[in-house]
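Some notes on the structure that comes next.
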Amino acid sequence: MDMHKQNIALDEAEKFARLRLIRSENIGPITFYRLLDQFSSARVALEHLPDLARKGGRKKALKISSVSDTETEILALQEIGAHMVFWGTAEYPPLLAHIDDAPPILFVRGHLHLMAKKAVAVVGSRNASINGRRFAQSIAQALGESGYLVVSGMARGIDTSAHLGALPSGTVAALGGGVDMVYPRENTGLYNNLIETGAVCSEVTISTTPQARHFPRRNHIISGMSRAIVVLEAGAKSGSLITARMALEQNREVFAVPGPPQDPRVKGSNALFRDGAYLTETANDILQVLSDVSPNAFSEGRRRAVSTQPMLSLDDKELDLARDRIHQALDYGPTDVDDIIRDTGQSPAAVAAILLELEVAGKLERQNGNKVAFISSS
């Protein structure tokens, strides 16, 4: 499967299957893409999940999302006018599509066409100063007037001001809950305006209340969608710094607005200058840098699976012989996949297939740097 292709035509059956697949037990984004790599479609992957889990050593039945549960979720989305935007289709944010663990499906309320626009993120402190909020609003307005979609997280403070500044030109909020959940409640008016003139998006199912564990993934979407991220008034432990670090990992440009050293609200954003962030005093500082950078520089290709040889074409005897060796090579600490291939002498395709079995069985996790590790049962 060509994981760089960005205009895939999906029929309704495949869309339905993709939603079932990502809602099934032990299937996160990376495992989802590896299954598509191995089986070419979600429909075929679903058929093979029970057998993969069994071969991976799972004793009890794998929980696969049911047809009725998927129908119920789709009906609920339709009732609130929400769209499903699938990875690889023309509507999917183009830069986000190149991230290893991009959401296989984004749920969107509002103006769908905005998701494909070139974007800049503006984020910062919830406890923002008056001047900080004004600056965020003015810089977002200027970015919007220059043709950029402004992306933020609809939090109080800097996020709210950024959305307000960009409402006339188009702005998107990535949410930490479902697209029908307003958080914070004080932003109900802003949320309604975003639905009318912009959009909100999330990768979690509707009616999911915002939870702390969802916000890193929300921040991942913000940075992944954007060519650059602008940070204002971020404290030393601000979530905005996490977003900035994600942006650096995703090969995005990072800008920071300087503030007085004695203000704790700018400790984190000021520190970004030591990491190479651009000093930002006006929107022109951002626009000049982005005008000098090729759009292709932001679009590093997805790191592919170890091998994309379809699992269905692999010989069962080869896999049976390789399985014990590969299991023995693994540990509860991180092991490089290339080391597994080299040390076991097995083909990259066989290693990829057996690691996928373990992932589906819930016995293996992927870690940064192409490393894998057994999951402790304790």
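Just so it is clear, none of the values below were taken in a lab; they were calculated from the coordinates. Just so it is clear, the model here is predicted, and its values are computed rather than measured. Methodologically, a virtual Cβ is constructed for each residue, glycine included, from the backbone with ideal geometry; neighbour enumeration extends over all protein chains shown.
The distance from the alpha carbon centre of region 54-87 to that of region 321-348 is 32 Å, rounded to a whole number. Across region 207-281, the mean sequence separation of Cα contacts (distance under 8 Å, 6 or more residues apart), normalised by length, yields a relative contact order of 30 percent.
With 0.36 nm allotted per residue and the present C-alpha distance subtracted, the Asp11-Glu249 stretch has 82.3 nm of extension available. The convex hull of the Cα atoms of the chain, projected and averaged over all directions, covers 19.3 nm². Other residues with beta-carbon under 13 Å from the beta-carbon of Asp11 carry, at +1 per Lys or Arg and -1 per Asp or Glu, a net charge of +1.
Think of it as helices only: each DSSP H run of n ≥ 4 in the chain is worth -39500 (n - 2.57), and spread over all residues that comes to -12500 deg cm²/dmol at 222 nm.
Can you tell me the FRET efficiency between Ile80 and Val44 if r is taken as the Cβ-Cβ distance and R0 is 41 Å, rounded to the nearest 0.05? In this case the efficiency is close to 0.85. Extension gain for Ser68-Arg274 works out to 68.9 nm (0.36 nm per residue, less the C-alpha to C-alpha distance).
Placing dummy labels 7 Å off each Cα toward the beta-carbon, the span from Asn131 to Glu186 is 2.1 nm. When you restrict to C-alpha pairs under 8 Å that are six or more residues apart and normalise by the size of the chain, the relative contact order lands at 17 percent. Bridges between two residues of the chain, per DSSP, are antiparallel at a rate of about 40%.
If you sort the three axes of the alpha carbon gyration tensor as a ≥ b ≥ c, you get a/c under 1.5 for region 112-297, which makes it rounded. For region 99-115, putting each phi into the Karplus relation 6.51 cos²θ - 1.76 cosθ + 1.60 with θ = phi - 60° gives couplings of 7, 3, 10, 4, x, x, 9, 10, 9, 10, 10, x, 8, 5, 5, 5, 4 Hz, in residue order, rounded to whole numbers and with x for Gly and Pro.
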